Amino acid sequence: MTAYLHLIVPASRFRLIDGADAIETYTFNTGTAQHYFCRVCGIKSFYVPRSNPSGFSVNVRCLDPATIETVHISHFDGRHWELHAHELAHLSSEE
């Protein structure tokens, strides 16, 4: 429902350029995932996913379109993500 289009990147490749002062964090359940959202508008533009705790999942829809050359979308079964999380592990790898 939030129209989140995940782009998983290693933590070393993630940089928040502006707006850190408006970011809030929440966690639940295992506490592994760290959900960041704007306390002004509520948009969740990035987070540390439980499936890839060494990286960030960035919402592509929150990026400036002028900064994106191409996007390749791979469909993923989010309803049963725990069964398939291993398929995503390489996305937050530093290699």
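The values are calculated or read from the model by the stated rules, or taken from the named source; none is laboratory data. Predicted model only: the values in this text are computed from it and were never measured. A quick note on method: Cβ atoms are made from the backbone with ideal geometry, for glycine too, and the neighbour counts reach across all protein chains shown. Accessible surface areas use protein heavy atoms only, side chains included; no ligands, DNA or RNA. Shrake-Rupley method; radii C 1.70, N 1.55, O 1.52, S 1.80 Å.
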(message) Residue under question is Ser51, and the condition is that it be touching a helix residue (DSSP H, G or I) at 6+ places or on another chain (Cβ under 8 Å), open to solvent by less than 90 Å² (accessible area, probe 1.4 Å) and in a loop (DSSP other than H, G, I, E, B); does it hold?
(response) yes
(message) What's the total number of residues in region 3-32 that are in contact with a strand residue (DSSP E or B) (Cβ under 9 Å, 6 or more places away or on another chain) and in a loop (DSSP other than H, G, I, E, B)?
(response) 9
(message) I'd like the residue in region 54-69 that is small (Gly, Ala, Ser) and farther than 11 Å from Tyr4 by Cβ and, out of all such residues, is surrounded by the most Cβ atoms within 10 Å (Cβ to Cβ).
(response) Gly55
(request) Assess whether Ala11 counts as being among the aliphatic types (A, V, I, L, M), within 12 Å of the chain's Cα centre (by Cα) and open to solvent by 40 Å² or more (accessible area, probe 1.4 Å). (result) yes
